[in-house]
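Report on the following structure.
The values are calculated or read from the model by the stated rules, or taken from the named source; none is laboratory data. Just so it is clear, the model here is predicted, and its values are computed rather than measured. For neighbour counting, all protein chains shown are included, and Cβ atoms are generated from backbone atoms with ideal geometry for every residue, glycine included.
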Amino acid sequence: MDFGISSRIVSLATLLALGTRLCTPAYQRSYSWGEQEAMALLNDLVEAAETRTVHFIGAIVLVENHTNGTVEIVDGQQRLTTLSILLSVLRDFETDTARAEKLHNMIASPPDPERGEPTGWRLTLNHLDNAFFRATIQTRGQARITADGPYDSQSQRRLTEVAAGFTREIDRMTASERRDLADTAVNRCAIDKVRVLDRDMGYRVFRVLNTRGKEPNAHDIVKTELFERARFDVRDADRYASRWAEHEAMIGGAPFDDLLRQIRALLDRSGKGDLITGYRKAILPKISPHEFLDDYLPRYVAAYSEITLGTVELGAASEPVRDYVNRMRALDQQSWRAPALKFLVEHRNRTDIAPEFFRLLERLAYAMQLIVPKKSQRDKRYRKVIDGLDNPDSLLRGNSPLNIGRDEARRICERLLGRFATFGQRRAMALRMNAALEGGETLPPEADATVEHVLPRNPEPESFWNKVWPDGQKRRELCDTLGNFILLPHEENQLADRLDYRDKKKVYFNGAGGAHFALTRDLRYQEAWTPEIVRQRTERLAHILAHDWDLA
């Protein structure tokens with residue numbers, strides 16, 4: 001029986017022989033390997049070179065595209081791209097012209113002007129990265145690069161970093177070691193070359209290979225499910241996959257996974273099963289693949305980019321909404337994104353209520369992080385907010401799930417007096433406190449604003465601080481409270497570190513770095529730093545923040 005699948009073991013030299021034209025189909029993900037994965041492959045090849053053994057790369061699944069005469073890579077793009085980068089770097093290090101030419105012939109064959117044939121590139125990436133790949137890696141003399149860029153997407157950054165990592169490691173080798181490595185890569189890489197009959201089978205094989213074993217990116221699996229259900233022809237598959245790749249390039253691979261989870265949370269109210277099960281059973285039966293790809297996804301990608309970058313555009317409401325979004329971006333917990341997304345996607349024209357909605361959502365997001373430790377309870381509360389967005393005006397009324405009850409307000413006020421044990425908690429609270437103070441402003445989480453503990457967390461045994469604060473228990477209780485926090489640029493923070501209080505103040509204000517932050521200016525006229533002063537400042541700052549949230 002002809003199953004439409006054939007398989008045989010070949011070397012890399014055979015796979016990339018003269019006349020081969022491998023390309024990445026549009027439905028495939030962009031290059032996603034990082035330096036860690038690439039270095040693991042390089043180490044395996046170096047070991048094989050030292051022991052003169054074969055290294056098995058695994059299966060590379062290919063399907064012929066009869067439209068343009070290329071062979072599409074159904075599975076194995078990451079490995080083949082990484083090997084092509086390695087060959088390019090080894091070629092550029094090789095001083096023997098004949099050896100360098102043999103390596104380059106596995107990357108490209110020269111053009112033939114008499115026959116009108118252009119350069120025959122062995123491997124072509126997707127339309128977003130291919131020109132970059134050609135110019136910075138495949139072209140002779142270009143692969144020995146640093147990781148500094150420039151690049152326009154995360155996949156281009158990864159290509160650059162892998163090439164730079166290979167350059168660094170290969171530069172440490174002797175010429176003999178490089179040639180042994182090249183010989184191993186070319187002749188002793190065993191590859192299971194699998195050919196499938198057509199693209200339909202290619203989709204099915206890709207789906208099987210990417211839903212078993214190592215967990216794939218969620219967006220690759222959802223994309224494959226959508227494409228398979230849509231029954232695209234070749235042209236439509238390329239067009240929609242190009243758009244998908246552009247979405248990924250816009251927000252990044254891991255954020256794309258997060259976005260699909262947020263969409264699932266919004267559209268699948270049951271929340272049962274894993275991500276792909278949710279799409280298969282609860283979302284795609286109700287929304288056609290074309291509708292999802294043409295209407296839903298572009299709007300959600302645009303909104304997700306706005307909330308993750310803090311660049312929300314809502315006309316006259318933009319500035320206050322951006323402030324609230326940037327304050328939430330500093331939080332460790334990100335469940336607020338789902339209701340924020342739904343508002344921007346479904347109610348973007350409601351600029352009349354947008355500032356109030358995001359003000360209440362910001363307060364709720366901090367409340368959930370401060371006083372609700374159980375994820376299931378937080379999810380239940382956000383689910384009510386999401387459901388309430390079917391009628392957004394209802395969320396601005398007294399019984400709204402966005403509102404904070406009396407008992408919750410009391411618990412938040414008590415929590416503000418306590419310790420913040422983690423780095424993320426301390427920075428989020430310091431940034432939020434800076435916005436609440438008179439003359440303060442909202443700082444995005446990427447700002448050069450680091451949390452400085454006025455009383456150091458780990459003072460030296462004989463330091464000034466252990467004399468002023470002899471009680472170790474009080475130091476531990478008050479060090480990580482709001483009253484002991486200020487904000488400084490990173491460089492000034494490093495200078496202040498464990499200095500005594502007077503010397504710290506010189507760093508805070510003489511260099512002018514601390515004067516940019518309201519939370520730091522709050523200390524300008526404070527001449528001493530004792531347990532009682534920190535306790536009083538904590539109470540005062542907690543009251544200011546509670547008032548800013550309408551809790552007091």
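For the stretch 432-472, a residue qualifies if it is at pLDDT 90 or above and polar (S, T, N, Q), and the qualifying residues are ASN434, THR442, THR450.
Do we have any residue at all in the stretch 123-132 that's over 25 Å from the mean Cα position of the chain (by Cα), under 27 Å from GLY58 (Cα atoms) and surrounded by fewer than 23 Cβ atoms within 10 Å (Cβ to Cβ)? The answer is yes, given that some residue of the stretch 123-132 is over 25 Å from the mean Cα position of the chain (by Cα), under 27 Å from GLY58 (Cα atoms) and surrounded by fewer than 23 Cβ atoms within 10 Å (Cβ to Cβ). Would you say ILE287 is β-branched (Val, Ile, Thr) and part of a helix (DSSP H, G or I)? Considered against the rule, which asks whether it is β-branched (Val, Ile, Thr) and part of a helix (DSSP H, G or I), ILE287 comes out as no. If you check ILE386, ILE412 for being assigned to a helix (DSSP H, G or I) and more than 28 Å from LEU487 (Cβ to Cβ), only one passes: ILE386.
Within the stretch 50-77, being more than 26 Å from GLY120 (Cα to Cα) and either buried (at least 21 other Cβ atoms within 10 Å of the Cβ) or aromatic (Phe, Trp, Tyr) (or both) holds for one residue alone: PHE56.
Table: residues versus (1) surrounded by 14 or more Cβ atoms within 10 Å (Cβ to Cβ); (2) of a type in the set (Ser, Thr, Tyr); (3) modelled with pLDDT of 80 or more; (4) not in a helix (DSSP H, G or I).
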residue	(1), (2), (3), (4)
ARG79	yes, no, yes, no
ILE85	yes, no, yes, no
SER88	yes, yes, yes, no
THR95	no, yes, yes, yes
ALA100	yes, no, yes, no
ILE137	yes, no, yes, no
GLY141	no, no, yes, yes
ALA147	yes, no, no, yes
PRO150	no, no, no, yes
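Being touching a Gly at 6+ places or on another chain (Cβ under 7 Å) and outside the structural domain of HIS347 (by TED's automatic domain parsing) is a property that holds for ARG264. Could you tell me which residue of the stretch 303-321 is nearest to ASP352 (Cα to Cα), considering only residues that are part of a helix (DSSP H, G or I) and without any contact (Cβ under 8 Å) to a residue 24 or more places away in the chain? So, considering only residues that are part of a helix (DSSP H, G or I) and without any contact (Cβ under 8 Å) to a residue 24 or more places away in the chain, the one nearest to ASP352 (Cα to Cα) is SER318.
Taken over the stretch 336-360, the criterion of being surrounded by fewer than 20 Cβ atoms within 10 Å (Cβ to Cβ) and either at pLDDT below 95 or part of a loop (DSSP other than H, G, I, E, B) (or both) is satisfied by HIS347, ARG348, ASN349, ARG350, THR351, ASP352, ILE353. Identification of helices (runs of 4 or more DSSP H) wholly contained in the stretch 492-552 with 2 or more residues that are of a type outside the set (Gly, Ala, Ser), farther than 21 Å from ARG419 by Cβ and modelled with pLDDT under 90 yields 501-510. Taking the conditions (1) modelled with pLDDT of 95 or more; (2) within 18 Å of ALA265 (Cα to Cα) in turn, ILE371 satisfies each one other than (2). Candidates are the residues of the stretch 8-59 that are touching a Leu at 6+ places or on another chain (Cβ under 7 Å) and not in a helix (DSSP H, G or I); the one that is nearest to SER176 (Cα to Cα) is HIS55. For the stretch 480-491, filtered to residues that are closer than 21 Å to ALA421 by Cα and assigned to a helix (DSSP H, G or I), the residue that is modelled with the lowest pLDDT is HIS490. The listed residues are VAL468, VAL451, and the only one of them that is of a type in the set (Val, Ile, Thr), outside the structural domain of MET328 (by TED's automatic domain parsing) and touching a strand residue (DSSP E or B) at 6+ places or on another chain (Cβ under 6 Å) turns out to be VAL451.
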